[in-house]
Structure formats: structure tokens, C-alpha cells
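Here, each number is a calculation from the coordinates, and none is a lab measurement. Everything numeric here is computed off the predicted structure, so don't read it as measured data. Here the Cβ is made from the backbone with ideal geometry for all residues, glycine too, and neighbour counts use every protein chain on show.
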Amino acid sequence: MKFLLRPESFCIHRLAPDARLDLDAFAGAAWYSITRTEDELSVVAPEVIDPGPGERKPGWSCLQVAGTLDLALVGVLAGIARVLAEAKVSLFVVSTYHTDCILVRQGDLERAVTALRAAGHTVTAA
């Protein structure tokens, strides 16, 4: 599998479930994710974007699976998670219709990339 290391530094935000977002603030971002549940509004975005008051966890790097993954594929995330778990790397995953984005803490990035490459994967800059 090929991973693209996105150049941005990301922040994971947790806002109130009824929080309103100014989507114009995200206009310049090449990649971000917004997910709302009944318990929270979760935002993953470049650190330069502040979606509003709430909890924030800065300092994440994104390894995006290159290409399109068929929704019928089984075990893709399990395999990635196993490799990173064995390397003692925590992850935060955002999935889209076409691909998976694996976020790891910047302090764990080198260990994550080394583990993925040792498992036969390719990691290149996006």
C-alpha cells in the first residue's frame, strides 16, 4: 500500500454538538474533516484553522492512503492498525468514500513511517 504524507500539521477539535461553524474558515484548506454526532462536533483541520471554543489536540501528521479503496475491501484498517500498534503508535482515523487517512502524533511520525515501510508499504511526501 502507498501512503502520502500530507504537508500540513493538523489539530483535532471537539466542540459542542450544537456548535456552528464558519465554513469560510476552511476555504483555503486542502484537507479537513467535520463529523457531527449527538455528543460532539469533531473537526480535524490544519492547525492554523480555529473552528471555535472547545477541546483541541494539536500536533498530528496525516498519512493518507494513496488512490481509491473499494468499499468492499476487508481488513485494510486492521492491517494498518496492527502495524502501528506493534510499533506503539497511537492513531486517529478519518475515512472518506475513496480512502483512509491515518493521523499520528508528530512525535510518533518517524516510528510510524519506519514501521509501515518495514511492513512493505511505501510512504512519500504528498
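Observations, loosely collected:
- Separation in nanometres of the label points that stand 7 Å from Cα toward Cβ, at Tyr97 and Ala118: 3.8
- 0 to 90° range, to nearest 10: angle between helix 109-118 axis and the chain longest Cα axis: 30
- Residue-by-residue Karplus 3J(HN,Hα) for region 28-34, coefficients 6.51, -1.76, 1.60, Hz, glycine and proline x: x, 7, 7, 8, 7, 9, 10
- Within-12-Å neighbourhood charge of Glu40 [Cβ basis; K, R +1; D, E -1]: -2
- Radius 12 Å from Cβ of Ala115, net charge of other residues (Lys, Arg +1; Asp, Glu -1): +1
- Remark: the Asp22-Thr35 segment gains 3.2 nm on full extension, using 0.36 nm per residue and subtracting the alpha carbon distance.
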